[in-house]
Amino acid sequence: MTFLPILLLALSMSADAFAAALGKGARLDRPTLGEALRTGLIFGCVEAITPVIGWALGRGASRYIAAYDHWIAFALLAVIGGKMLWDSVRRHPDAEKPQRHTLAVLVVTAIGTSIDALAVGVTLALIDASIIVNALAIGAATFIMVTIGVMTGRYLGEKFGRYAEAVGGVILILIGAKILLEHALLG
């Protein structure tokens, strides 16, 4: 693969993570650049690892994972998005927002948004593309997009408060539903 297809692939793989990062940034109390970088690093690492896993599965047992990967992604994103939506409705307007997300919440969200990268890894194995170059490009693009997303979410959270958090939760649920729909239409 040449530079342009790798770049486009990396940007498309980071789009779901960017949308999730908007909600994560809105959920926090004015996240700092350090928190945005931390979130970007976690998402970027997970997003770089998943195509490698997919690539390895593509070399062997991809048909076993393909039967249920979309359900895993949907369940993870629906639960996290539902909790964000619930918290935004339930929380008193004057209640304090957290300063940062836990590592577990970030990793689970990152896994949910990176399931499509697993499928891309399988495809990369089938076309014999360089997994290292592609995985690094996907991870770097995700790191940048998520960092920007958290900081943009901060602004949205300051301007629109609970509504921005609720929209972030809905976006996560819709990303999960999109994954299910794509699987139903393409699978």
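List pairs: first in the stretch 145-158 and closer than 17 Å to VAL46 by Cα, second polar (S, T, N, Q) and surrounded by 23 or more Cβ atoms within 10 Å (Cβ to Cβ), Cβ under 6 Å, 6+ apart or cross-chain?
MET145/SER14; VAL146/THR39; VAL150/THR39
Out of the stretch 23-62, which residues are assigned to a loop (DSSP other than H, G, I, E, B) and without any contact (Cβ under 8 Å) to a residue 60 or more places away in the chain?
Result: THR32, GLY60, ALA61.
Please find, within the stretch 19-39, the residue that is nearest to VAL167 (Cα to Cα) out of those that are out of contact with any His (no Cβ under 8 Å at 6 or more places or on another chain) and crowded, with 23+ Cβ neighbours inside 10 Å.
The selected residue is GLY23.
Might you let me know whether the stretch 82-103 holds any residue that is over 12 Å from the mean Cα position of the chain (by Cα), outside any loop (DSSP other than H, G, I, E, B), at pLDDT 90 or above and surrounded by fewer than 20 Cβ atoms within 10 Å (Cβ to Cβ)?
Yes; the residues of the stretch 82-103 include at least one that is over 12 Å from the mean Cα position of the chain (by Cα), outside any loop (DSSP other than H, G, I, E, B), at pLDDT 90 or above and surrounded by fewer than 20 Cβ atoms within 10 Å (Cβ to Cβ).
I'd like to check something: does the stretch 134-151 contain any residue that is modelled with pLDDT under 85, in a helix (DSSP H, G or I) and surrounded by 15 or more Cβ atoms within 10 Å (Cβ to Cβ)?
Among the residues of the stretch 134-151, not one is modelled with pLDDT under 85, in a helix (DSSP H, G or I) and surrounded by 15 or more Cβ atoms within 10 Å (Cβ to Cβ), which makes the answer no.
If you go through the stretch 7-14 one residue at a time, do you hit one that is buried (at least 24 other Cβ atoms within 10 Å of the Cβ) and either closer than 10 Å to GLY153 by Cβ or in contact with a strand residue (DSSP E or B) (Cβ under 6 Å, 6 or more places away or on another chain) (or both)?
So far as the stretch 7-14 goes, no, none of its residues is buried (at least 24 other Cβ atoms within 10 Å of the Cβ) and either closer than 10 Å to GLY153 by Cβ or in contact with a strand residue (DSSP E or B) (Cβ under 6 Å, 6 or more places away or on another chain) (or both).
The values are calculated or read from the model by the stated rules, or taken from the named source; none is laboratory data. As the structure is a prediction and not an experimental result, all values here were calculated from the model. Cβ coordinates were reconstructed from backbone atoms using ideal geometry, including for glycine residues, and neighbour counts include every protein chain displayed.
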